Every structure is written in C-alpha cells, then in structure tokens.
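> I'd like to ask some things about the structure below.
The values are calculated or read from the model by the stated rules, or taken from the named source; none is laboratory data. All values derive from a computational prediction rather than experimental measurement. Backbone-built Cβ (ideal geometry, glycine too); neighbour counts: all protein chains shown. Calculation scope for accessible area: heavy atoms of the full protein, side chains included, ligands and nucleic acids excluded. Shrake-Rupley method; radii C 1.70, N 1.55, O 1.52, S 1.80 Å.
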Amino acid sequence: MKNDTGISAARPSAGSGDGNAARRNSNRPKYSRFTQQELPACKPILTPQWVISVFTLIGVIFIPIGVVALLASNDVVEIVDRYEIACVPPNMTHDKIGYIQNPSISKTCTRKLKVPKDMDKPIYVYYQLDNFYQNHRRYVKSRNDQQLRDASKANETSGCDPEKTTADGMPIVPCGLIAWSLFNDTYSFNRGNGEAMIVNKKDISWKSDRDHKFGSDVYPKNFQNGALIGGGKLDPKLSEQEDLIVWMRTAALPTFRKLYGRIDVDLKENDIITVALENNYNTYSFGGKKKLVLSTTTWLGGRNSFLGIAYLSVGGLCFFLSTAFTVVSLVKPRTIGDPSYLSWNRNPASQ
C-alpha cells in the first residue's frame, strides 16, 4: 500500500496487535488483595474522646514509673572525690606535667572521705576520667582482637599503630593505644580504726569479654618497654587482667566511669575512710580530671536520674495535652465528619 507521497507503508497485521496486547497484559501484576491494599486493617478514627483517653492513659502509666525510678536513684549513696590537683605537691603546682613524668617523685597521696549515709555492701569502687576521648576513631581502632584471643597470633599487629612494635621491630602484646594507655592509679582503703578494707577485683569485667575476647594462653610481651610509658604494666595471662579487660571496653563519652573493684563491708554514717592512692596516671597533659567514686546500687542500678526525669516529662506532657484537648473539645466542639470544615467549603469564592 502506498500513501500520497508514493512511499509504501506496511499494513499492521492483526496478529501483531494481539501480541502487543499480550505483552502488556503479561507485565501487569496478578490481582491480589495484598497488591490492591484490600487486606483487613485497623483504621481507628481519631475522635477527641479516643485521643484524650490515650494521652491520659500514658500519663497515668508514665508518671508513677518516673517517681519510682527517681526514688530508686536517690536511694543510691555516692562519695565522689576529685584528687588529681590535691595530690600534686605544693612545690610542683606550677609544673604538673613535670611532676607526673618524674619517676623520682613519690606519687603516694592520702585522702580522707566521710560517709554521708549508711552504705550497705557491696560498695562499688570506680575511677572517673573527664575530658578523655576514648571514642576517638583512631584510638578505638588501635587494637588487634585476633592477637588478644590466640597466642599463635602474637605477631599479628595490624591496626595497632602507633604501638605495634618495639624500636627493634619486635611485636608488642597487647598492641595498640588502648592497652598502652591503661589506667594505673591504685587505691587502698582503711577505716578510721585502722581496719583494712579489702577491694575485691574478681569478676569486675564482662564474662563474655573474659571468655571470648581474651585468650587464656595469651601473655604480655614487650609491653611498656619503650621510652614513652603510656600507663600501667601487666602481669601474666591477659584473661586474668580484669583491669585491662574493663579498660579496653571503650567509653562512648569523654566523661566516664570504670569499675575498679568491690568492697564487701557495710559502712555507717559519719565513718571516716582513709584512702592511700598512687597518683600515677597522667591527665595533666590534656587537662583531664580524675575522681574516685564509692557507690552503692539499687534494683535499678547506680545513680542516674535521667530515666525518672524522662518518664515524668513524657507523662506530664501527655497529661497537659489531654487537658488541653479536653478544654478545646468542650469550649469549641466539632461534629465528626462535617464537610463544612473542608477548606474548599469554607472559602467557595476562592475556587
């Protein structure tokens, strides 16, 4: 068949049109109630009564929980003593870094603590560091978990920069900045009558860390043998070095506490505790603070008022909203489903 220009045009056959239709139909998904969103579903209508009831119920539940949480937090007895400044000798206050780096100067310091309220055992001993960024990316990555788990991987020091080998190329076990900077202040406690208070340092770390992250056949090697000493030294068997295991679970915030041990003795109000400590750890170079913390616990854990305040805040806000919605629904009620409130019905001239 030719058109007016003399160019032949092919006549489409009936079969090709049927084939195109078949291809189009094959791409269509099969009908189902799921694809067409026809499955049964809960579609609540947010009536004023329903919304007010929900907010009131949340307030009734959250406020008592917040009160109980705050009372539990307030039952915790804490003694917090900042000592890094008080333990510097008077003639070295102008050169704190020189004091802490000079091994010939004694770092022994004595502190006296007064018990404000009765403290029931166990009493947990923590050290707190401020302005110490254990969450720094380079610091967190400076370790090798394979080396910590398996003695045969002692030469595996990848990722441990800059503390991976000694000056003569020997591998350091454990390698990395985290282990190198191990906290090494020590504390011993005596009551006012001279009775020694034993600090139990057993099971202060996570059991999963002891069993799965630190091998029982791994021993320190070439550790803290360099010219620059970062922190504490280690005794044989890493899996028994619970101070190290606690330290290597890095903190998320620059102010943190880590468990030092437990005291299994009851303390009475106004008891005087004498603390003999070794102020070895250098926080002066970066403006850090060191604090010794003695604390009891409750069924909710240590002192933390955030949880109680959060519950009280949410519960109070819900009560406020329920009251506000109640007042609005009484003062200016609306008929549910009234189409006169639609914008195109309220302003017909604008259409």
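> Cα axis of helix 48-74 to longest principal axis of the chain: angle in degrees, 0 to 90, nearest 10?
10 degrees
> What longest region of the chain stays clear of GluC sites (Glu not before Pro) that DSSP places outside H, G, I, E and B and that have at most 12 other Cβ atoms within 10 Å?
By the stated rule (loop sites, at most 12 other Cβ atoms within 10 Å), 39-194.
> Using +1 on the beta carbon of Lys and Arg, -1 on that of Asp and Glu, and nothing else charged, what's the dipole of the chain about the Cα centre, debye to 20?
Using only the charged Cβ atoms, the result is roughly 1440 debye.
> Can you give me the P(r) profile for region 211-351? Cα pairs, bins 10 angstrom wide beginning at 0, each as a whole percent.
In whole percents, the pair-distance histogram is 7, 19, 21, 15, 9, 8, 9, 9, 2.
> Students often get this wrong, so check it: of Lys202/Lys268; Lys268/Lys289; Lys96/Lys290; Lys96/Lys289, which have C-alpha atoms separated by over 20 Å?
Distance filter (> 20 Å) returns Lys202/Lys268; Lys268/Lys289.
> Please state the charge dipole magnitude for region 107-219, taken about the Cα centre, from unit charges on C-beta atoms (+1 on K and R, -1 on D and E), reported in debye and rounded to the nearest 20.
Around 440 debye, computed over region 107-219.
> May I ask you to give the solvent-accessible area per residue for the chain, in square angstrom, as obtained with a 1.4 angstrom probe?
Per residue, the chain has 62 Å² of solvent-accessible surface.
> Moving on to the next point. Of the accessible area of region 91-239, with the probe set at 1.4 angstrom, what percent is carbon plus sulfur?
49 percent
> I'd like the orientation of helix 14-27 relative to the chain: the angle between its Cα long axis and the longest Cα principal axis, in ° from 0 to 90, rounded to 10.
30 degrees
> Sticking with this structure for a sec: Working from the alpha-carbon coordinates of region 17-138, get Rg over Rh, Rh being the Kirkwood radius.
So for region 17-138, dividing Rg by the Kirkwood Rh gives 1.42.
> Here is a follow-up. Under Stokes-Einstein, with the Kirkwood radius over Cα pairs standing in for Rh, what whole-number D in µm²/s applies to the chain at 37 °C and 0.692 mPa s?
Translational D for this selection: 120 µm²/s.
> Turning to a different aspect of this structure: Given N residues in region 130-201, what is its alpha carbon radius of gyration divided by 2.2 N^0.38 Å?
1.56
> For region 59-129, count the residues as N, evaluate 2.2 N^0.38 Å, and divide the Cα radius of gyration by that value, please.
Relative to the 2.2 N^0.38 Å estimate, region 59-129 comes out at 1.79.
> To the nearest 10 square angstrom, how much accessible area does Phe306 have with a 1.4 angstrom probe?
It works out to around 150 Å².
> Let me ask something else about it. Assuming 0.890 mPa s and 25 °C, estimate D for region 74-202 with Stokes-Einstein, Rh taken as the Kirkwood radius over Cα pairs, in µm²/s.
This corresponds to a translational diffusion coefficient of 132 µm²/s.
> Go through the cysteines of the chain and tell me which have no other cysteine Cβ under 4.7 Å away.
Cys42, Cys318
> What angle, in degrees between 0 and 90 and rounded to the nearest 10, separates the Cα long axis of helix 306-331 from the longest principal axis of the Cα atoms of the chain?
On a 0 to 90 degree scale, this one is about 30.
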